[in-house]
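Peer 1: Please find one structure pasted underneath; my questions will follow.
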Amino acid sequence: MVYVTRREVFSAAHRLFNPDLSDAENDALYDKCNNPNGHGHNYVLEVVVAGEIDPVTGYVVDLKKLKDIIREHIIRKADHKHLNLDVDFMKGIIPTAENIAVAVWNQLVDKIPSGRLFSVRIKETENNYAEYRGE
Ligand code: NI
């Protein structure tokens, strides 16, 4: 089994806010990340595909194809957008790194051309990231 990673970056705004909580509770919970008009991050997305090496191509997955799929289904929709307002696959989801990782997984899991989706990592800052492996 070999693990192949494609890295992409996108810039997006978000606001951490739970509509089921009061303004005071949201403020206490999310602090600066609850800023009403949002704030931005330069997100790093890492998509890991696992599989056997194809004896003909020498690939687990063709990274050009994987890049095009990630760009079509994630980057094109999220780059320079507001994750709470503009992005169809984030509708109704609090845009924490954890939830973005799960949402990206759900967008990509049935679109991987060979091998299988192993993990999705979303790095929000140099120090903070979330990873989802489908369970
Ligand atoms: Ni943030």
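Peer 1: Does GLU126 satisfy the criteria of being acidic (Asp, Glu), part of a helix (DSSP H, G or I) and within 16 Å of the ligand (Cβ to nearest atom)?
Peer 2: no
Peer 1: To continue, here is another question. Report every pair of residues separated by at least 6 positions or lying on different chains whose Cβ atoms are under 8 Å apart, first residue within region 26-41 and on the phi < 0 side of the Ramachandran plot and touching a residue at least 12 places away in the same chain (Cβ under 8 Å), second acidic (Asp, Glu) and within 9 Å of the ligand (Cβ to nearest atom).
Peer 2: Close Cβ pairs (under 8 Å, with a partner that is acidic (Asp, Glu) and within 9 Å of the ligand (Cβ to nearest atom)) amount to HIS41/GLU124.
Peer 1: Of the residues VAL9, VAL49, which is touching a residue at least 24 places away in the same chain (Cβ under 8 Å), farther than 19 Å from VAL102 by Cβ and not in a helix (DSSP H, G or I)?
Peer 2: Sole residue among the options that is touching a residue at least 24 places away in the same chain (Cβ under 8 Å), farther than 19 Å from VAL102 by Cβ and not in a helix (DSSP H, G or I): VAL9.
Peer 1: Condition first: within 16 Å of the ligand (Cβ to nearest atom), of a type in the set (A, V, I, L, M, F, W, C) and either modelled with pLDDT of 95 or more or more than 12 Å from the chain's Cα centre (by Cα) (or both). Can you find one or more residues in region 71-84 that meet it?
Peer 2: yes
Peer 1: Which number in (1) assigned to a helix (DSSP H, G or I); (2) of a type in the set (A, V, I, L, M); (3) within 19 Å of ARG121 (Cα to Cα); (4) more than 13 Å from the ligand (Cβ to nearest atom) marks the one condition that ILE100 misses?
Peer 2: Going through the list (1) assigned to a helix (DSSP H, G or I); (2) of a type in the set (A, V, I, L, M); (3) within 19 Å of ARG121 (Cα to Cα); (4) more than 13 Å from the ligand (Cβ to nearest atom), ILE100 breaks only (4).
Peer 1: Consider GLY92 against the criteria (1) crowded, with 20+ Cβ neighbours inside 10 Å; (2) on the phi > 0 side of the Ramachandran plot; (3) not basic (Lys, Arg): it satisfies all of them except one. Which criterion is unmet?
Peer 2: Single failed check for GLY92: (1).
Yes/no per residue for (1) more than 16 Å from the ligand (Cβ to nearest atom); (2) farther than 20 Å from ILE122 by Cα; (3) surrounded by fewer than 16 Cβ atoms within 10 Å (Cβ to Cβ); (4) not charged (D, E, K, R):
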position	(1), (2), (3), (4)
ASN35	no, yes, yes, yes
GLY40	no, no, yes, yes
GLU46	yes, no, no, no
VAL60	yes, yes, no, yes
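Peer 1: What number of residues in region 8-30 are surrounded by 13 or more Cβ atoms within 10 Å (Cβ to Cβ) and either away from the ligand (no atom under 16 Å from the Cβ) or among the small types (Gly, Ala, Ser) (or both)?
Peer 2: 4
Peer 1: I'm trying to understand the selection: among the residues of region 110-123, which are more than 16 Å from the ligand (Cβ to nearest atom), among the hydrophobic types (A, V, I, L, M, F, W, C) and under 12 Å from the mean Cα position of the chain (by Cα)?
Peer 2: If the condition is that a residue be more than 16 Å from the ligand (Cβ to nearest atom), among the hydrophobic types (A, V, I, L, M, F, W, C) and under 12 Å from the mean Cα position of the chain (by Cα), then VAL120 is the only one that fits.
The values are calculated or read from the model by the stated rules, or taken from the named source; none is laboratory data. None of the values given here were measured: they were computed from a predicted structure. Because the Cβ atoms are built from the backbone with ideal geometry, glycine has one as well, and the counts that use them run over all protein chains shown.
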